[in-house]
Amino acid sequence: MEIRKVQVTGGSSFVITLPKEWAEKQQVKKNDPLGLVTQPDGTLLVTRDLSETPAQRSKTFDVTAINDPTFLFRLLIGCYIAGYTSIAITSKHRLPASIRMVVREFTQMTIGPEVVEETDSSVLLKDLLNPAEMPFENTIKRMYVIVKNMYMDALTVLESGNGALAHDVIARDNDVDRLHWLVARQTNIILKNASLARKMGVSPSSVVNTYIISRIIERIGDHAVRYVEQAQKIPPGSLGPELSDAVRKAAAHSLSIFDRSIVSFFKADIRESHANIEQVEVLERLCQDITSHSMDHPPGVAVPLRYIAESIRRAGEYAGDISENVINVLVEDRI
């Protein structure tokens, strides 16, 4: 850290000199305007960027030597989350159909990137979404609604054996993934652009916290998929009234913990978060009841049922993690 003393001129103006090395590197000249941004932690940011627009970042992939489409897809997702606004896929030869399929899948699985140019040997993607137009609060609420309905429909699949509904639940997990990737992308962009954080009315610390919540919801969605996959293995009506009631009771309690965790997150309610965490132990007992009752059924029913109980329990535990995160964030200001 370089220490510089503050001087006072004219009796009211506080002045501090800029480091020469930094000024020369930024090509700062006499009378050049500089932006001063006060950060939430009290520090002062000095910048040459007066437009307050996110930096345009470009990445190029030469896929001539990439033979694994899955590898390319993961590279594209990595670029998207890192905040690149322009991605070029090029080749020394004609792009194979498998590569074009990956590019199409990528644009369908993400929010913002679109193909703006395409030739026989190249594809150019550009992000058309303004990060400020997608508030974090709206994204988290939408993820919550999707995942909650996935769990409710998974229970319907278990009771009715509706295969079409099961496939729909699994497909909805893609929507949760793409929203989570959007939160991850916005988090990276904001951490690199303090002016965007101010424009969106968020602090870098709150953005990181929101990303953690998004990640937890995405994990809960994964367990909804496991739930419905196991539910398809159980013939409808084979559980019996007592076991069916036990599953409904555990699933309802798990969803209740999820509901309360999201409400306490948006209301910043530290006491409600604490009360919600206490309900996880109750859920564990309810899930244990399902496991105990499954012992009276053949392996074809008992085994997938145990996996279902595990997914219900894990979903509730993850929801409890959301409440724990709320307490960790609020404890500094509220207690």
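What the table below lists for this structure:
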item	result
Any hit, region 126-145, residues being surrounded by fewer than 18 Cβ atoms within 10 Å (Cβ to Cβ), in a loop (DSSP other than H, G, I, E, B) and β-branched (Val, Ile, Thr)	no
Hits in region 294-328 - residues which are outside any helix (DSSP H, G or I) and either in contact (Cβ under 8 Å) with a residue 12 or more places away in the chain or in contact with a Leu (Cβ under 9 Å, 6 or more places away or on another chain) (or both)	ASP296, HIS297
Count - residues of region 116-125 that are in a strand (DSSP E or B) and either within 22 Å of ALA197 (Cα to Cα) or out of contact with any strand residue (DSSP E or B) (no Cβ under 6 Å at 6 or more places or on another chain) (or both)	1
Residue that is surrounded by the fewest Cβ atoms within 10 Å (Cβ to Cβ), among those in region 42-58 that are among the small types (Gly, Ala, Ser) and modelled with pLDDT under 70	SER51
Region 81-115, subset within 26 Å of the chain's Cα centre (by Cα) and in a strand (DSSP E or B), residue nearest to ASN193 (Cα to Cα)	SER86
Region 18-41, residues that are assigned to a loop (DSSP other than H, G, I, E, B) and loosely packed, with under 10 Cβ neighbours inside 10 Å	GLN27, LYS29, LYS30, ASN31, PRO33, ASP41
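The values are calculated or read from the model by the stated rules, or taken from the named source; none is laboratory data. None of these values were measured; they are calculated from a predicted model. Here the Cβ is made from the backbone with ideal geometry for all residues, glycine too, and neighbour counts use every protein chain on show.
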